[in-house]
Each structure stands twice: as structure tokens, then as C-alpha cells.
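One structure, as C-alpha cells, below. Some questions next.
The values are calculated or read from the model by the stated rules, or taken from the named source; none is laboratory data. Because the structure is predicted, anything quoted here is derived from the model rather than measured. Here the Cβ positions follow ideal geometry from the backbone for every residue, glycine too, while neighbour counts run over all protein chains shown. SASA here: full protein model, heavy atoms, side chains in, ligands and nucleic acids out. Shrake-Rupley method; radii C 1.70, N 1.55, O 1.52, S 1.80 Å.
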Amino acid sequence: FDEINQRSSRQYIYNVIPRNKHFNVALAIMAQSRKVNSNTLEEARRYVDIMEQLGQYESQKMLDNPPINEELSDKGLEMDISNISASSSKPDTITFNTLLKIAAKAGEPVVADEIFNEMMTKYSEGNLQVKPDRVSFNTLLLAWSKAKGANAGKRVTELLETMQKMADNGDEEVRPDH
């Protein structure tokens, strides 16, 4: 993991930038570890920060040097790069779901809530790659079901109500399981 951390802030010798799938594999390995704790969670969040930085770098690089489409150029047209996702190093739903799993295993439901809220904010701002799904909600529910304290039961109820409300508004992907 340290090697990924050291190399991910710059391009590799072969001009290859790690993609989110590479980071997601590293995060999944962390999540599957027998001993997941707050240090594991902190390290995982550092990787996600690196992913964000790489995504921003790639987005800027795409704007500075857009791909050339010969067919459009011959017609005097420009290529619309607004829909091109060059930022495949950016965190996605899988990334956030894995972070949620790490937070749940670390016994950090409040941190899991923070991660989920970040996910919801990014999605509401138009980032469709981080759309919360049933796995997101179920993992957050798992985190709170393991929590001790008076607020845990209340939070579980709130999450289930949110899932149902979203499903009633047409988002079947988050409908609570039976």
C-alpha cells in the first residue's frame, strides 16, 4: 500500500496512471483484512484523497489536451469533451461502498455517516458515478446496527425511511430488502 501511495502522486515510468479499479482492489483488500480499525480507515481515506487528486489532474489534462476526432475536425467541428470521463481515477460507488464497509468493520458508524453524506452530496451535485445504491445503505445500516448507544436505533429507522422514500420516488435501486 505504501508503494501505491508513493507512486500514485506522479505518473509511473511507463506513463501509466493508476485507475479507480486499482485503488478499489487495494481498498477491498483492506476491507477484507481480519483486523480493521481506525488506522485502516484513515489509510483508506488517504487513498481516496489520492484518487480525487488524480481525477482532478486527469480532468485538467483532458481540458488542456482534448482528444482529437479526425472526422469532426475535417468538418470544422469541435469534439464535445464534457461527457468524456477521462477521470477514471476518481472514486465511484464501489470506492465509497468499500469505505463504508471499512468504517463499519472498524466500529465507526459516525464516520460511516460522514462518508455516506459525502457520497450523497457528490451525487446531488451531479456526480452520477457515486450514486448510492442498496449496498451503500445496507452497509451503513450494518455500521449502525453494531453501534451501542441510544441514537443507533433511531439512525437505523431514519435510514430505512430514507430508502423507502427514495424508492417511492422512483429509485428502485435503494428499495429496502425484504
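Within the range 166-178, which residues are of a type in the set (D, E, K, R) and within 23 Å of the chain's Cα centre (by Cα)?
Within the range 166-178, the first condition is being of a type in the set (D, E, K, R), and the residues that meet it are 168, 171-173, 175, 177.
Within the range 166-178, Asp171, Glu172, Glu173, Arg175, Asp177 qualify.
Restricting to the range 87-121, name every residue that is over 12 Å from the mean Cα position of the chain (by Cα) and not in a helix (DSSP H, G or I).
Selection gives Ser87, Ala106, Gly107, Glu108.
When you scan the range 126-146, do you find a residue that is without any contact (Cβ under 8 Å) to a residue 40 or more places away in the chain and among the acidic types (Asp, Glu), even just one?
Within the range 126-146 (the criterion being without any contact (Cβ under 8 Å) to a residue 40 or more places away in the chain and among the acidic types (Asp, Glu)), the answer is no, since none of the residues qualifies.
Something else about it: Looking only at residues that are under 18 Å from Arg175 (Cα atoms) and in a loop (DSSP other than H, G, I, E, B) in the range 122-136, which one is farthest from the chain's Cα centre (by Cα)?
Here the residue is Asp133.
Among what's in the range 141-154 and is open to solvent by less than 60 Å² (accessible area, probe 1.4 Å) and over 19 Å from the mean Cα position of the chain (by Cα), pick the residue that is farthest from Gly107 (Cα to Cα). Talk me through it step by step, then tell me what you get.
In the first step, residues of the range 141-154 are kept if they are open to solvent by less than 60 Å² (accessible area, probe 1.4 Å); the result is 141, 143-144, 147, 149, 152-153.
When the remaining residues are screened for being over 19 Å from the mean Cα position of the chain (by Cα), the result is 144, 147, 149, 152-153.
Numbers: Trp144: 9, Ala147: 7, Gly149: 13, Ala152: 12, Gly153: 15 Å.
It comes out as Gly153.
Could I ask something else about it? Return the pair list, or none, for Cβ contacts closer than 8 Å from residues in the range 100-124 that are more than 17 Å from Asn24 (Cβ to Cβ) to residues that are acidic (Asp, Glu) and open to solvent by 70 Å² or more (accessible area, probe 1.4 Å), at least 6 apart or on different chains.
none
Among the residues in the range 47-69, are any open to solvent by 40 Å² or more (accessible area, probe 1.4 Å), at pLDDT below 55 and aliphatic (A, V, I, L, M)?
Checked against the condition, which is being open to solvent by 40 Å² or more (accessible area, probe 1.4 Å), at pLDDT below 55 and aliphatic (A, V, I, L, M), the range 47-69 yields at least one hit.
Here is a follow-up. Might you check whether a residue that is under 25 Å from Lys21 (Cα atoms) and surrounded by 11 or more Cβ atoms within 10 Å (Cβ to Cβ) occurs anywhere in the range 155-178?
Step one: list which residues in the range 155-178 are under 25 Å from Lys21 (Cα atoms), which gives 173-174.
Narrowing the set further to residues that are surrounded by 11 or more Cβ atoms within 10 Å (Cβ to Cβ) leaves 173-174.
Yes, because at least one residue in the range 155-178 is under 25 Å from Lys21 (Cα atoms) and surrounded by 11 or more Cβ atoms within 10 Å (Cβ to Cβ).
Taking Pro91 and the conditions (1) surrounded by fewer than 20 Cβ atoms within 10 Å (Cβ to Cβ); (2) under 20 Å from Ser59 (Cα atoms), which numbered condition does it fall short on, given that it satisfies the others?
(1)
So, in the range 157-178, how many residues would count as being in a helix (DSSP H, G or I) and more than 17 Å from Glu114 (Cβ to Cβ)? Explain how you work it out, then say what you get.
Within the range 157-178, the subset in a helix (DSSP H, G or I) is 157-168, 172-174.
Right, trim to more than 17 Å from Glu114 (Cβ to Cβ) and you get 157, 160-161, 163-168, 172-174.
Going through the range 157-178 one residue at a time, the tally reaches 12.
Can Arg19 be described as surrounded by 12 or more Cβ atoms within 10 Å (Cβ to Cβ), at pLDDT 85 or above and among the basic types (Lys, Arg)? Explain how you work it out, then say what you get.
Values: surrounded by 12 or more Cβ atoms within 10 Å (Cβ to Cβ): yes; at pLDDT 85 or above: no; among the basic types (Lys, Arg): yes.
So Arg19 does not fit the description; no.
Here's another thing I want to ask about it. Identify the single condition in (1) among the acidic types (Asp, Glu); (2) at pLDDT 90 or above; (3) out of contact with any helix residue (DSSP H, G or I) (no Cβ under 8 Å at 6 or more places or on another chain) that Asp74 does not satisfy, given that it satisfies every other one.
Result: Asp74 passes all but (2).
With open to solvent by 20 Å² or more (accessible area, probe 1.4 Å) and modelled with pLDDT of 95 or more as the only criterion, which of Asn138, Asn127 stands out? Spell out the reasoning first.
Numbers: Asn127 fails: modelled with pLDDT of 95 or more.
After ruling out the rest, the residue left standing is Asn138.
Across the range 147-161, what is the total count of residues that are touching a residue at least 12 places away in the same chain (Cβ under 8 Å) and not charged (D, E, K, R)? Full working, then the answer.
At the first step, the residues of the range 147-161 found to be touching a residue at least 12 places away in the same chain (Cβ under 8 Å) are 147, 152, 155-156, 159-160.
Then drop every residue that is not not charged (D, E, K, R), which leaves 147, 152, 156, 159-160.
Total meeting the criteria: 5.
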